[in-house]
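*Asks:* Take a look at the following structure, please.
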Amino acid sequence: MSTPARKISAVPPPTPAPAVSDETALDLYYWMVLTRATEERALNLYRQGKLPGSYYTGRGQEAISIGMAVPLRSGPDGDWLSPWIRDLGSYLVHGVPVWRMFAQFMGKEGSTTQGKDGNLHIGGREWNIPCQVSHMADMIPLTVGAALAYKQRGEDRVAVTSFGDGATSRGDFHEGLNIAAVLEVPAVFVAENNRWAYTTPISKQTKVTDLYKKALGYGIPAVEVDGNDVLAVYSAMVEAVDHARAGRGPRFIECKTYRMAGHAAHDKFESYMPMELLAEWSDKDPLKRLEQSLRDDRAVDERRLEGIRSRVKDEVHEAVERADADGFADPSEAHLGVFAEPGWGDDDA
Amino acid sequence: MSTPARKISAVPPPTPAPAVSDETALDLYYWMVLTRATEERALNLYRQGKLPGSYYTGRGQEAISIGMAVPLRSGPDGDWLSPWIRDLGSYLVHGVPVWRMFAQFMGKEGSTTQGKDGNLHIGGREWNIPCQVSHMADMIPLTVGAALAYKQRGEDRVAVTSFGDGATSRGDFHEGLNIAAVLEVPAVFVAENNRWAYTTPISKQTKVTDLYKKALGYGIPAVEVDGNDVLAVYSAMVEAVDHARAGRGPRFIECKTYRMAGHAAHDKFESYMPMELLAEWSDKDPLKRLEQSLRDDRAVDERRLEGIRSRVKDEVHEAVERADADGFADPSEAHLGVFAEPGWGDDDA
Amino acid sequence: MPELTYLEAIRAAMHDEMEIDERVFVMGEDVGRQGGAFGATKELQQRFGDLRSIDTPVAESGIVGVAVGAAMAGQRPIAEMQFADFVSCAFDQLITCAAKMHYRVGWAVPMVVRCPNGGGVGGGPYHSENVEAWFHHHAGLKIVCPATATDAYGLLRSAIRDPNPVVFCEHKFLYRRVKEEVVTGARDGLLVPIGKASLLRQGTDLSIITYASTVQLALAVADTLAAEDVSVEVIDLRSLVPFDSEAVLDSVRKTGKALIVHEDNLTGGFGGEVAAVIAQHAFEHLDAPVRRVAALDTPIPFAPPLEREYLPLEDDILAAARDLAAY
Amino acid sequence: MPELTYLEAIRAAMHDEMEIDERVFVMGEDVGRQGGAFGATKELQQRFGDLRSIDTPVAESGIVGVAVGAAMAGQRPIAEMQFADFVSCAFDQLITCAAKMHYRVGWAVPMVVRCPNGGGVGGGPYHSENVEAWFHHHAGLKIVCPATATDAYGLLRSAIRDPNPVVFCEHKFLYRRVKEEVVTGARDGLLVPIGKASLLRQGTDLSIITYASTVQLALAVADTLAAEDVSVEVIDLRSLVPFDSEAVLDSVRKTGKALIVHEDNLTGGFGGEVAAVIAQHAFEHLDAPVRRVAALDTPIPFAPPLEREYLPLEDDILAAARDLAAY
Ligand SMILES: Cc1ncc(C[n+]2csc(CCOP(=O)(O)OP(=O)(O)O)c2C)c(N)n1
Ligand SMILES: Cc1ncc(C[n+]2csc(CCOP(=O)(O)OP(=O)(O)O)c2C)c(N)n1
Ligand SMILES: [Mg+2]
Ligand SMILES: [Mg+2]
């Protein structure tokens, strides 16, 4: 599995989970292991004081970040993907090298922002990942706009964004989804319902805690899936992308999951989060589940899994070393780049 | 009917239309006739060049503006009412004298804004009508805030706002309704679905053209009513206000109607509006319908109706004379009032 | 060469860019068949189809956000605000997404937000705002404020071609009131570069620095004062970001006196920035206080006598200029 | 007298006003049990109940709009933005509804929007903005920017009592870094009037006019220059609207030299307004150009070395002050 066949360019019909091939299942496994290992390492670095700012982890939500990204086409002419801050894995799948993720957390020059922005505010045209902003839901209209561009040009590309339950309270969620529906653009919206927005439980955010029902209010076909089952997320995503790519308008997927840690590394979530719920969801860990399914349902050899895990270990190790060795951008860089120069993008158009 | 008993202070149970008393029906008739006459006169003045700016009419939507306002308590300690620009009648019912409406259109000192704002940007604490802004849907969060204040203080008051179908596309509609639902405040939202936002038909505004369904997406109980039937609007409003006043949270009423004229007096709507639809809705004119029902179902004497109409004629005549005689505020007034002075409101608190 | 009003020039600029660049499209409330509230996009839908002239729901934040995304995905959107005032609802998208994207990640956002701007038309507090000063603080947005039909045409074409987000403040009062021959045409139409002020009248005694609706007033004042043997230089900034500070400083260093004029209200208006730059960089050449004439620091009142009181009028400018000249 | 940090002073001010005025309440994201992202509202819910410390959905426009409505209906809301940056989403509600209501119809809107403001904490472009200059252009909003714990306490109490909407910019960098004894207490706590600058240090050679996080830097520069026999006057504006122009003009008329300093970026910052007022009204007393020291006109970069380059540092202020002194 040296170059995982992680991109699907033909559009398969709705795929029930068991129909996911072993090869794809292992691919999903690789990405989930890589994501988990990257985040664990980053959290350690944060605790050692090596990362400025704070650190946000998506631990426990990897089934979503991976399941939604793998069905997409990558590269500058591929699909637009604007993942939420819990979705480190999406960045990796869509092409961002691991070391640049670490460089980003460290604020180094090799980050995708040259250190101008932090945490998962990562992006670049080479991957067709816009650089997300902090302001929740702001990326939703942008994603609709990218989808509109593809529709205008008659390209069979889709635009995808993910966001938390908290973001559904914001006006830009509403305006973006409504416009997407009316203009019938090829956009896919992935809601990650982890039941918390910082310290606020979903019951205090909305009376309609099934987020997919909100999409129905815009006339957007919507489904809910078990967000801790990567095969389910993957299958739902394949179907939604298929639908959008075929010009049949936007789609919405609600992934039901749970936030397994504090909002950020500095958040003492023990003060407000019921521990029983945490324990309960801990048993549903998406990585454990996939591993079990690979072993039990697909009879994958343990050595194969171990091979993936050790490859990941090396990759993460090398990535951290490279990021560590990277320097900060020269301070003069702070002055540069407010405006694009005339002719921007002309050469690579 | 010299002082129409237009305010209901007890909370009746859900009232089917036939249960509306004759007295109330006549009261509704008076207000609708007054509204129509005021608007007709204002439009004439506009055409004579006597009103600066443009002129917006709510002709054909009087059943809504009247039906939603009559069930409310008026006065500074009454219910908050923030009506939409089609709802001239609501202002009258809730207490604004007719001549001040004309003064407002003319920009005179006797307007509720001293000429600082125009058209139906009318209000004042004495009537508990906030002065609406142009920005569609902005008044929705404000109305939620007023309802919250009543809830915090344990007062049995409600806050009501109306808006057009177009406003449902805006973020403030979404944020306001969601917060109202979560905080369970005594607010009533009245959507006037007249099927157009300026030149844009509802099909280009949203895929879900039954607006009450949007409210369900926030967990707010919602009904749809025939917006050209004042008895139906009135009854639905009584029920909704009852519900909210009793502390059972917000309510939403969609009034299905049609915009019978251009967006504003300068709008040549013949260029985009199908004439058949106009003709069809013309037959459903709410004033004609109420008149017919008064005559046929309630056997009200024609002279009684004629009496109301002629009283209205006098009232409008006097109102225009008074507004005409009023002057513009002194230019120095333009400098004043940016900030309230310390102690504002203390005397009348 | 056709004689075009300022409004027709705006329409022509969009039309001509749409002719030669398929990526260019317009979007906004009622822009399609109707051509917008003022007719600026009239017939563009009929000519270019409804994927290039898009009627949207009433959702300014969504409209601008969609434009940002479309721009990043390679299109050249022109988003119309029905009135400039409503861009308040899109403030977040403009400063959070549009303005900061290129700085953060080197990805350009070539888009224009057209804002029918300004007062003097009896529009009251919510249909009369001058919004340019809502944005000049935020690095990453260009701000253009044409005063003539030629500049409206040439600057809008440049704005559409610019790889950056441009807030295009077109003054409603000028829409049908100014008119001139304009060199149009998809291939041969005039381009006016963004960032260059225009020296409209040379003078030696006093510089008036202004833009948009007050340019004509400044020229009239210059005429009046010429008869009094006062020689007034008039500079039309044309764009606030980039700000052509050299043109302003050159002029003030020559005349020694600066009068800054805008229709926008005084405090926080762009004039403060101009005055600050002069006070720092032309200090040694100043022979008099730097003066500003602007609207009142209040909302814009509706009634005609109140609005007149609110606006800076020719007489206000004349009085200030006379004062300065006599200093 | 308790020694309080700036952040504790803010909490104490809310607590004390809530004690004596039932109309006062706080609302915002996570303000309840959690006490907000910074703990400013800690224990207020436990003390005053969940109708007076309200957790809201993430919806800044809605939050501010709800506050406007509640204020008009007789309450005294304090709306917390989790970070000042997010007030961009509430811009429309602030300038359209809050700012213009009293002018239009004489109905006051007594509310406070608390904005955890400013950089220097490694927050990057979206957790470091200084938002005061987003608002000083719009008539009808007061803007308060305290630099000390005492002012934070006394000005916030005054802001809560003020019948107008107040944008309260509390600087995050100061939250735990400044500390002093503060006279608190529901009945006897100190009130600091909004609109009066504070003369922190008298001097004769040069005036530094500043506010918020740069006040301490200015004082340090004054110390350094004292050793060089340069006598620096330091003025802390404390509120930008109302702007205490008299205090500034009195000082500059005395010293003849003005250095304006703020952490916010240069262009469109409040310093331009201060410079313009000085250039117009103290011109005859000026012995040197009016100087400004401020942040770069860029978004606020994240990496520590870049953020340091972005921010105005003590050395930048010192260099400018030395220049001016030597002029
Ligand atoms: C407009 C806006 N307001 C406030 C914040 C501060 N904030 C950051 S994350 C967050 C909660 C996010 O909750 P959710 O959307 O459910 O995502 P999750 O963290 O659970 O993945 C908040 C309030 C923000 N980023 N943007
Ligand atoms: C935020 C905002 N954007 C644009 C406008 C311009 N505008 C005024 S009324 C209107 C259409 C209103 O449609 P609707 O809400 O259906 O009300 P109706 O006029 O049909 O009663 C528009 C777009 C506005 N007032 N506010
Ligand atoms: Mg969440
Ligand atoms: Mg409508």
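*Asks:* Can you give the helix-only mean residue ellipticity at 222 nm for chain C, where every DSSP H stretch with n ≥ 4 adds -39500 (n - 2.57) and the sum goes over all residues, rounded to the nearest 500 deg cm²/dmol? Working shown, then result.
*Replies:* Values: 10 runs with 107 residues, N = 327.
Here the helix-only value at 222 nm equals -10000 deg cm²/dmol.
*Asks:* Among B:Phe339, B:Phe163, B:Phe173, which one shows the highest mean-square fluctuation when chain B is modelled as a Gaussian network with alpha-carbon springs under 10 Å?
*Replies:* B:Phe339
*Asks:* Could you work out, residue by residue across B:150-160, how many beta carbons of other chains sit within 10 Å of that residue's beta carbon, and then give the average as an integer?
*Replies:* Details: counts 4, 2, 12, 6, 1, 2, 0, 1, 0, 2, 0.
Mean number of neighbouring Cβ atoms from other chains: 3.
*Asks:* Ranked highest first by the average count of other Cβ atoms within 10 Å around their residues, in what order do C:45-54, B:278-287 fall? All intermediate terms of the calculation are to be shown ahead of the outcome.
*Replies:* On the way: C:45-54: 17.3, B:278-287: 15.6.
With the highest mean Cβ count within 10 Å placed first, the list reads C:45-54, B:278-287.
*Asks:* Right, something else. How large is the Kirkwood hydrodynamic radius of the stretch A:126-198, in angstrom, based on all distinct alpha carbon pairs? Before the final figure, lay out the partial values.
*Replies:* On the way: mean 1/r = 0.0793 Å⁻¹.
After inverting the mean inverse Cα-Cα distance, the result is 12.6 Å.
*Asks:* A further question on this structure: Counting only other chains, and only Cβ atoms inside 10 Å, what mean value do you get across the residues of A:214-227? Mind dumping the intermediate values first?
*Replies:* Details: counts 5, 1, 4, 10, 5, 5, 2, 0, 0, 0, 0, 0, 0, 0.
Neighbouring Cβ atoms belonging to other protein chains average 2 per residue here.
*Asks:* Within 12 Å, Cβ to Cβ, of A:Thr113, how many net charges do the neighbouring residues add up to if Lys/Arg are +1 and Asp/Glu are -1?
*Replies:* Numbers: positive: A:Arg100, A:Lys108, A:Lys116, C:Lys100, C:Arg104; negative: A:Glu109, A:Asp117, A:Glu333.
Charge balance in the 12 Å sphere: +2.
*Asks:* Could you list B:Thr161, C:Thr255 so that the one with the fewest beta carbons within 10 Å of its beta carbon is first and the one with the most is last? List each step's numbers first, then the result.
*Replies:* On the way: B:Thr161 30, C:Thr255 26.
In order of increasing Cβ crowding within 10 Å: C:Thr255, B:Thr161.
*Asks:* Right, here's the next one. Shielding of C:124-137 by partners, i.e. mean partner chain Cβ atoms within 10 Å per residue? Could the numbers behind the result be given before it?
*Replies:* Numbers: counts 12, 13, 11, 4, 0, 3, 1, 1, 0, 5, 7, 2, 6, 16.
Neighbouring Cβ atoms belonging to other protein chains average 6 per residue here.
*Asks:* Another one. Looking at the protein assembly as shown only, what percent of DSSP beta bridges run antiparallel? Nearest 5 please. Intermediate results must be reported in sequence, preceding the final value.
*Replies:* Numbers: 22 of 130 bridges.
Expressed as a percentage, antiparallel bridges in the protein assembly as shown total about 15.
*Asks:* Also, I was wondering about something else. Across 5 Å bins from the origin, how do the percents of Cα pairs in the stretch A:178-247 run, short distances first?
*Replies:* For the stretch A:178-247, the pair-distance distribution reads 3, 15, 23, 22, 18, 13, 5, 1, 0.
*Asks:* How long are the semi-axes of the ellipsoid equivalent to chain A, from square roots of 5 times the Cα gyration tensor eigenvalues, in whole Å, largest first?
*Replies:* Details: eigenvalues 141, 136, 100 Å².
They are 27, 26, 22 Å, listed largest first.
*Asks:* If I take the Cα coordinates of the stretch C:56-148 and project them onto the principal axes, what are the three extents in Å, biggest first?
*Replies:* Reported extents, whole Å, longest axis first: 43, 29, 25.
*Asks:* Would you mind ranking A:Met139, B:Met275, A:Met273 by Cβ crowding within 10 Å, fewest neighbours first? Walk me through the numbers before you get to the answer.
*Replies:* Working: A:Met139 27, B:Met275 9, A:Met273 20.
With the fewest neighbours first, A:Met139, B:Met275, A:Met273 line up as B:Met275, A:Met273, A:Met139.
*Asks:* Determine the dipole magnitude for the protein assembly as shown: charges of +1 sit on the beta-carbon of Lys and Arg, -1 on that of Asp and Glu, nothing else is charged, the reference point is the Cα centre, and the result goes in debye to the nearest 20. Mind dumping the intermediate values first?
*Replies:* Values: 134 positive and 192 negative charges, 456 e Å.
Here the size comes out at about 2180 debye.
*Asks:* Going by average Cβ density within 10 Å per residue, which order do the peptides A:307-316, C:115-124 take, highest to lowest? Provide the component values of the computation, followed by the final result.
*Replies:* Details: A:307-316: 16.3, C:115-124: 24.6.
The packing order, highest mean first, is C:115-124, A:307-316.
*Asks:* Something else about it: List the distances, in nm to one decimal, from the label point of A:Gly154 to the label points of the same position in every other copy, shortest first, placing each label point 7 Å from Cα along the Cα-to-Cβ direction.
*Replies:* 7.0
*Asks:* Pop a pseudo-label 7 angstrom from the Cα along the beta-carbon direction at both D:Leu199 and A:Ala246 and give the gap in nm to one decimal.
*Replies:* About 7.9 nm separates the two model spin labels.
*Asks:* How large is the dipole of the stretch B:278-349 about the Cα centre if only Lys and Arg carry +1 and Asp and Glu carry -1, each at its Cβ, rounded to the nearest 20 debye? Before the final figure, lay out the partial values.
*Replies:* On the way: 11 positive and 21 negative charges, 141 e Å.
Charge dipole, the stretch B:278-349, about its Cα centre: 680 debye, nearest 20.
*Asks:* GNM on chain A, C-alpha springs below 10 Å: top fluctuator among A:Leu120, A:Leu81, A:Leu277?
*Replies:* Result for chain A, Cα springs under 10 Å: A:Leu277 fluctuates most.
*Asks:* Using a Gaussian network model of chain B with C-alpha springs under 10 Å, which one of B:Pro141, B:Pro250, B:Pro71 is most mobile by mean-square fluctuation?
*Replies:* So, out of B:Pro141, B:Pro250, B:Pro71, the one fluctuating most is B:Pro141.
*Asks:* Let me ask you something else. If you place +1 on the Cβ of every Lys and Arg and -1 on the Cβ of every Asp and Glu, how big does the dipole about the Cα centre of the stretch C:42-124 come out, in debye to the nearest 20?
*Replies:* Numbers: 7 positive and 7 negative charges, 69 e Å.
For this selection, approximately 340 debye.
*Asks:* May I have the pair-distance distribution P(r) for the stretch A:97-161, computed from all Cα-Cα distances with 5 Å bins from 0 and rounded to whole percent?
*Replies:* All Cα pairs, binned at 5 Å, distribute as 4, 18, 22, 20, 14, 13, 6, 2, 0 percent.
*Asks:* Near the amide H of D:Leu240, under 5 Å away, which other amide H atoms are found, from residues 5 or more places off or on another chain, if H is placed in the peptide plane?
*Replies:* D:Ile143, D:Val144, D:Cys145
*Asks:* Another one. Let me make sure I get this right: for the stretch A:175-324, a, b and c are the square roots of the gyration tensor eigenvalues over alpha carbons, sorted descending. Under 1.5 in a/c it's rounded, otherwise prolate if a/b > b/c, else oblate. Which is it?
*Replies:* Numbers: a/c = 1.82, a/b = 1.29, b/c = 1.41.
Oblate, because a/c is 1.5 or more while a/b does not exceed b/c.
*Asks:* Kirkwood hydrodynamic radius, the stretch D:129-227, all distinct C-alpha pairs: what's the number in Å?
*Replies:* On the way: mean 1/r = 0.0670 Å⁻¹.
Over the stretch D:129-227, the inverse of the mean reciprocal pair distance is 14.9 Å.
*Asks:* If Lys and Arg each add +1 and Asp and Glu each add -1, what is the summed charge of the other residues whose beta carbon sits under 13 Å from the beta carbon of C:Ile78?
*Replies:* Values: positive: C:Arg11, C:Arg23, C:Arg52, C:Arg76, C:Arg114, C:Arg157, C:Arg161; negative: C:Asp16, C:Glu17, C:Asp21, C:Glu80, C:Asp162, C:Glu170.
Charge balance in the 13 Å sphere: +1.
*Asks:* How large is Rg/Rh for the stretch A:15-165, to two decimals, with Cα atoms and a Kirkwood Rh?
*Replies:* Values: Rg = 15.4 Å, Rh = 15.9 Å.
Rg/Rh for the stretch A:15-165 comes to 0.97.
*Asks:* Next question. Would you mind checking the radius of gyration and Dmax of the stretch B:166-209 based on alpha-carbon positions, in Å?
*Replies:* Cα only, the stretch B:166-209: 12.2, 36 Å (Rg, Dmax).
*Asks:* Further question: Project the alpha carbons of the protein assembly as shown onto their principal axes and report the range along each, largest first, in whole Å.
*Replies:* So the extents along the principal axes, rounded to whole Å, are 97, 79, 77.
*Asks:* Output the pairs from A:Lys108/A:Lys288; A:Lys116/A:Lys214; A:Lys116/D:Lys100; A:Lys288/A:Lys313; B:Lys214/B:Lys288; A:Lys108/D:Lys172 with a Cα-Cα distance over 29 Å in this structure; if there are none, say none.
*Replies:* Working: A:Lys108/A:Lys288 33 Å; A:Lys116/A:Lys214 35 Å; A:Lys116/D:Lys100 37 Å; A:Lys288/A:Lys313 17 Å; B:Lys214/B:Lys288 31 Å; A:Lys108/D:Lys172 25 Å.
Flagged as over cut-off: A:Lys108/A:Lys288; A:Lys116/A:Lys214; A:Lys116/D:Lys100; B:Lys214/B:Lys288.
*Asks:* A further question follows. Plugging the Kirkwood radius over Cα pairs into Stokes-Einstein for the stretch D:170-327, at a temperature of 37 °C and a viscosity of 0.692 mPa s, what D comes out in µm²/s? Don't skip to the end; give the middle numbers.
*Replies:* Numbers: Rh = 16.3 Å.
Answer, rounded: 202 µm²/s.
*Asks:* Could you list B:Glu155, C:Glu17, C:Glu273 so that the one with the fewest beta carbons within 10 Å of its beta carbon is first and the one with the most is last? List each step's numbers first, then the result.
*Replies:* Working: B:Glu155 14, C:Glu17 22, C:Glu273 27.
Going from least to most buried by this count: B:Glu155, C:Glu17, C:Glu273.
*Asks:* Could you work out the per residue convex hull volume over the alpha carbons of chain C, in cubic angstrom? All intermediate terms of the calculation are to be shown ahead of the outcome.
*Replies:* Working: hull volume 40.7 nm³, N = 327.
Convex hull volume per residue, Cα atoms: 124 Å³.
*Asks:* Over the Cα atoms, compute the radius of gyration (one decimal) and Dmax (the largest Cα-Cα distance, rounded to a whole number) for the stretch D:21-98, in Å.
*Replies:* My reading of the Cα-based Rg and Dmax gives 11.8, 34 Å.
*Asks:* Which residue is it, in chain B, that holds its beta carbon closest to the axis of the B-onto-A rotation, and how many whole angstrom away?
*Replies:* Per the Cβ-to-axis criterion, the result reads B:Gly171, 1.
Throughout, read-outs are computed from the coordinates displayed, never taken from laboratory work. Please read these numbers as outputs of a predicted model, since none were measured by experiment. Positions of Cβ are generated from backbone atoms using ideal geometry, with glycine treated the same way; all protein chains shown enter the neighbour counts.
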